[in-house]
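Have a look at the structure below before the remarks.
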Amino acid sequence: MALTQVSRYFRNLFLLVFMCLGLNFHAKSQFLMDMMDTSKMTNKNLLGIYEKYNYLTIIGYMQPQFQLASEKGIRTFAGPDFPPNVNSRFMLRRGRVRFDYTRFNKDEKASVQFAFQFDGTERGVAIRDFWGRVFENRWEVFTLAMGMFARPFGYEVNLSSIDRESPERGRMSQTLMRTERDLGAMVSFEPRRKGHKYAWLKVDFGVFNGQGLTGPTEYDSYKDLIMRAGMKPRQLTPKIKLSAAMSLLYGGFMQSSKYIYNMEEGKGFVVDSSEGNVGSKAPRQYAGADMQWEFKHPKSKTIVRAEYWFGRQTSLALTSETPGGLPTEPLYTRPFNGAFFYLLHSIGKHQFAAKYDWYDPNTKVRGKDIREEGNYHAADIRYNTLGLGYLNYINQNLKLVLWYDFVTNESTHLPGYTKDLSDNVLTVRLQFRF
C-alpha cells in the first residue's frame, strides 16, 4: 500500500511539473479549460494546485545554418567573421532558451515578472537577458524593469531574432548597439486597462551603463539616457495598419587620453590635445525614427518598414563601436547616419523579402576623399547592403530562410579599400522553436 501511494505521489508530481513548465501565462484561463477535464474529482484537486503555481513559461529556438561567402576569410555582419581559409561553413547561429516567471495578484493582474535567457552555440554559452519587472496596478499604466535587457532604441534593435525576417540585424544596429542589451533600469508607460484613452501609446525611459555587453563591467560613472516614444499598431482602415516611434540616446564615456579627434570642414580630423580632456565625457548622441505599414490584400499581405538614425559617435581610429573597456588611445568623434528599409510580401506560408540598409560612420567625408592624409581610417567608410530572401513558415515550430546579402563599400584611397570588397554572403537557415 505504501509503495502504491509513493508511486501515485511521484506520478502526480511529474504531472504537476510538466503542466507548470508548459504554461503560457498570457493564455492562462483558456489553457486550463482546454487542457484539463474539471469534471473529475482528481483533476479538480490538481487544478487547485496548478493554479497556485502556473507562473512559469519556457520558450526557445535554435538556428542551424549553412553559409557561403564570395571570398575566404571575409569580415562580415552576416554572423561572425569567416576564418582565414574558410568561405563555406555550417554553424549554429543561435541557440536560445528563455525562462519567464510571472506572479499574479488576487485580482489576476501581473505584479512581478522575472526573465532569464541564455544563448548556447559551438562558440560558447552567454547570458542574453536577466531582468525583473514590477507592475503598477493602481492606474495600470507603469512598469519598472531592472537588469540586463534590450535598449529601448529603434525598431530593429528590439525585434527578436526569433521573429525577424532577415537573418541578422543591419550593420548600424550591430555596430552602435552591439548585442542590443545593456545593464540598467527602465520605466515604461503603457496602459493595460481596456478602453484607456492612451492605450495606443508606449513610452520607455531608461538609464544604462553604456557599453552594453561589449565589455565585462562598467568602467566609468557616465550613463546613457535612452527614450523611445511610439504609437502602437493602429488600424487606419480595414486593410491598412500603421505604427511609428521616435528614439533618443544621450550618453558617452570617460576620456582617459587627452587626445580626441574631431571633424572640421576642409581639414579632416583635427586633434584636440587639451589637458582638460582627461576625465571629461566623450559624446555618444543618437536620434532615430521608425515607421511600419501593413497592407492586407484578399489573399496576401504586404509590410513596409523604414527606420533612420543619425547623431555623433565617439570611438577609436579603426572602429566606430563603443569601446568595451576604458580606452587609453586617442579617440575619434564622428557624425553618422544610417537606415533600414524592409519590403515584405506574404502569400500563405510563403514570404518574399527585400531589405536595404546603409551605415555611414562619417557623413562629412566620402569616397576618394577618404585618405591617410586626413587621419582617416577604415572606420570612416560607408557600407550599403541589399538583402533578398525567401522564407517558408513550414509550421509553427519550423521556418526555412534563404537569404543573400549584396554588400558594397565606398572606393577610397586607403590601402585595401580602393575598390569594392568581395564580401557577399548566402545564408540557408532552419529555425526550430518551441
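Read the figures in this text as sums done on the coordinates, not as results from a lab. The structure presented is a predicted model; accordingly, all values stated were derived computationally and were not measured. Neighbour counts are summed over all protein chains in view; Cβ atoms, including those assigned to glycine, are modelled from backbone coordinates with ideal geometry.
Points to keep in mind about this one:
- Hull volume in cubic angstrom per residue (convex hull over the Cα atoms of the stretch 89-136): 66 Å³
- Restricting the calculation to Cα atoms, every distinct pair contributes to the Kirkwood radius of the stretch 303-417, found to be 16.5 Å.
- Whichever lysines have a C-alpha closer than 21 Å to that of Lys232, once near sequence neighbours (fewer than 8 apart) are set aside: Lys194, Lys197, Lys202, Lys241, Lys296, Lys301
- Each peptide in 173-179, 230-236, 384-390 gets a packing score, the mean of other Cβ atoms within 10 Å over its residues, and the list from highest to lowest is 173-179, 384-390, 230-236.
- Protection-proxy order for peptides 281-289, 407-415, each taking the mean of Cβ atoms within 10 Å per residue, highest first: 281-289, 407-415
- More than 42 Å apart - percent of Cα-Cα pairs taken over the chain: 23 percent
- Over all other residues within a Cβ to Cβ distance under 12 Å of Asp100, the charged ones net out to +2, with Lys and Arg as +1 and Asp and Glu as -1.
- The stretch 118-163 and the stretch 234-271 have Cα centres separated by 22 Å.
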